[in-house]
1. If you scan the range B:62-94, which residues turn out to be within 20 Å of the chain's Cα centre (by Cα) and not aromatic (F, W, Y)?
2. Restricting attention to the range A:20-45, report how many residues are crowded, with 19+ Cβ neighbours inside 10 Å and either at the interface with chain B (Cβ under 10 Å from one of its Cβ atoms) or not basic (K, R) (or both).
3. Filter the range B:197-218 for residues that are out of contact with any strand residue (DSSP E or B) (no Cβ under 7 Å at 6 or more places or on another chain) and surrounded by 15 or more Cβ atoms within 10 Å (Cβ to Cβ); which is farthest from B:N297 (Cα to Cα)?
4. Got a sec? Which of B:M259, B:M305 is of a type outside the set (K, R) and over 18 Å from B:A192 (Cα atoms)?
5. Which is at the interface with chain A (Cβ under 10 Å from one of its Cβ atoms), touching an Asp or Glu at 6+ places or on another chain (Cβ under 8 Å) and buried (at least 17 other Cβ atoms within 10 Å of the Cβ), of B:A273, B:A265, B:A304?
6. For residues in the range B:171-186 being in a loop (DSSP other than H, G, I, E, B) and surrounded by fewer than 16 Cβ atoms within 10 Å (Cβ to Cβ), which is modelled with the highest pLDDT?
7. At least 1 residues that are over 26 Å from B:N41 (Cβ atoms) in each: list the helices (runs of 4 or more DSSP H) lying fully within the range B:222-325 that qualify.
Amino acid sequence: MSINHRASPFVGALEKDPKISLIGTLAMLVEASGEFDLVQQGRIWALADALSSWPNVQEAVVGVTNVMLAFEQPPDDIDTLAADIIELWHRLVPRNADGKLIEIPVVYGGEFGFDLPALTVRSGLSAREVIRIHSEGEYTVCAIASSPGFGYLHGLDPRIFMPRKSVPSLNMRAGSVTIGGMQTGVAALTSPNGWNAIGWASVAMFDPGREQPSLMAPGDRVRFRIDRIEL
Amino acid sequence: MIEILTSHAFNTIQDLGRSGARRFGVSTSGAMDPVALEAGNALLGNDGDAASIEVQTFPFRLRFHADIAFALTGADHDATLAGATVLPWWCMRAKAGDILTIGSPRRGARVYVTFQGGIDVPRVLGSRSTHLRAGFGGVEGRALRAGDMVPIGQSRGDTAGRVDFGAEPADVAIAGTDPLENRVLRVRVMRAGEHDLFSDEMQATFWSTTWKISARSDRGGYRLTGGKLTLAAPVEMRSHGVVAGVVQVPPSGEPIIQMSDANTAGGYPKIAAVIQADLWRLGQAAPGSFIVFSEINYHDAVAAMAPVSGYLARLRATADLYRAL
């Protein structure tokens, strides 16, 4: 039987067990229970680090409080594998956000920060105040996902929270510094994008020719520095 | 070297895809019908992963600038080489100057043109597949267009060997699900993480609906119409990794099946996932065609790959014998 079935012994057997489910025969999703926080995310990084060296694991893909394993071949014994992962989860020491510090100079506002006016309206803050708050934060890279080199950054000041757009901007430029809900990020590709652009950074977030193609990695810290303000 | 003479949108260079780079946010890309790609490569004695041209808009024309053996696999189509008919699922040797023309498929969506020696564009992150969204792989990270000169690699085997033979098409040779019933493709899926969040009624709708692959479908994903799957209460999902074949249900209620160029992350409830043994068949399903889902468990889903692997192994062994004749 598949562990995705309700009768599975491993789904919700203990409240603090992660939920484990299959996505077909070649992928398994491990989701931590409970709310998002950096400690829980640190356990996810540690889990991904450990699982990446397990046999038959092609890669461990970090998400937000979850890890997806991609397998080389369908595992022989799914239930034992799931049990081993749960056992590992409970004895893991979380990894701290101990990656490199990335400083990103930002041109705030201007042609590419076209959602800054809407954010000032929403927050009731001046543009300079929004920019000060955003540039004073220190952010943590939770996961790289969605497009090549795109990091989900945690640590946004709730005063400059802004929900994602229901209709994406059609051609947001690569390097756009954006806010999506309680997260911020730097658009890695020029493409449709539902996040809110408040500035632009001349930083190559992704280069497939580099040994580490993505500038950011889970556990890195990011600071945005005011390069220029164009209002 | 080959020269592209006519290519409409979205014809790209693809191999079996880019694995191991999801953690950098890089989707796998790769042939939508990997069985057809591997079969073409087997006919020519290439590695199964050698890069090909995936043709999905027609007509497509190219000119050979050297004597090169090639194969056509995938969708059932009409093709000519220097004016003479070339059968689908066939390999032959072109002479320098010959023009290959591939017409619209009668059945299926994608034709694979493989070349002895494979297409020799640089590997990026381990693969030659075109990643259109990020603009790398293939030829300059973009779709092919008229005037492109595409390099063909050195064959690892004996290029003097015999060509001009064919193979039984995969969808005919490989027993799997009941084949097309009234041109409806039956696709086997396993339940996925949020299947049980849907009510019994919604689950029944999922399994009983004949879904149409909408016109808004491409290598990134197939959007299905014909029913709506709604949840009693919305579910807040956190962004997580997904793989091709996952069937997600966005708030609109119309499911989306992620395909080769899908985003690495998803955040919609997942009701099911198409199994590997059927994903290549789905890769040949054209917009406007119909599918139904049937459930399979993990054990049977794994076992379902045996006929596919067996087909490819037999095809390779037979082709190796033919070439040696």
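1. Start the filter on the range B:62-94 by keeping residues that are within 20 Å of the chain's Cα centre (by Cα), which leaves B:70-79, B:87-91.
The answer is B:A71, B:L72, B:T73, B:G74, B:A75, B:D76, B:H77, B:D78, B:A79, B:L87, B:P88, B:C91.
2. We begin by selecting, within the range A:20-45, every residue crowded, with 19+ Cβ neighbours inside 10 Å; these are A:20-32, A:41-45.
With either at the interface with chain B (Cβ under 10 Å from one of its Cβ atoms) or not basic (K, R) (or both) added as a condition, the list becomes A:20-32, A:41-42, A:44-45.
So the answer is 17.
3. First, pick out the residues of the range B:197-218 that are out of contact with any strand residue (DSSP E or B) (no Cβ under 7 Å at 6 or more places or on another chain): B:197, B:199-205, B:208-209, B:215, B:218.
Subsequent filtering for residues that are surrounded by 15 or more Cβ atoms within 10 Å (Cβ to Cβ) retains B:197, B:202-203, B:205, B:209, B:218.
Details: B:L197: 19, B:M202: 20, B:Q203: 16, B:T205: 19, B:T209: 20, B:D218: 28 Å.
Result: B:D218.
4. When all the criteria are applied, what remains is B:M305.
5. Values: B:A273 fails: touching an Asp or Glu at 6+ places or on another chain (Cβ under 8 Å); B:A265 fails: touching an Asp or Glu at 6+ places or on another chain (Cβ under 8 Å).
The match here is B:A304.
6. So in the range B:171-186, the residues in a loop (DSSP other than H, G, I, E, B) come out as B:174-180, B:182-183.
Those left that are additionally surrounded by fewer than 16 Cβ atoms within 10 Å (Cβ to Cβ): B:175, B:178-180, B:182-183.
Working: B:A175: 73, B:D178: 58, B:P179: 53, B:L180: 53, B:N182: 59, B:R183: 77.
Here the answer is B:R183.
7. Working: elements: B:276-282, B:298-303, B:305-324.
Answer list for the range B:222-325: B:298-303.
Residues are listed down the side, and each one gets a yes or a no for (1) aliphatic (A, V, I, L, M); (2) within 10 Å of chain B (Cβ to nearest Cβ); (3) touching a helix residue (DSSP H, G or I) at 6+ places or on another chain (Cβ under 8 Å); (4) under 20 Å from B:T264 (Cβ atoms):
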position: A:H134; (1), (2), (3), (4): no, no, yes, no
position: A:P148; (1), (2), (3), (4): no, yes, yes, yes
position: A:H154; (1), (2), (3), (4): no, no, yes, yes
position: A:R164; (1), (2), (3), (4): no, no, no, yes
position: A:I179; (1), (2), (3), (4): yes, no, yes, no
position: A:P218; (1), (2), (3), (4): no, yes, yes, yes
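The values are calculated or read from the model by the stated rules, or taken from the named source; none is laboratory data. Please read these numbers as outputs of a predicted model, since none were measured by experiment. Every residue, glycine among them, receives a Cβ derived from its backbone with ideal geometry; neighbour counts consider all protein chains shown.
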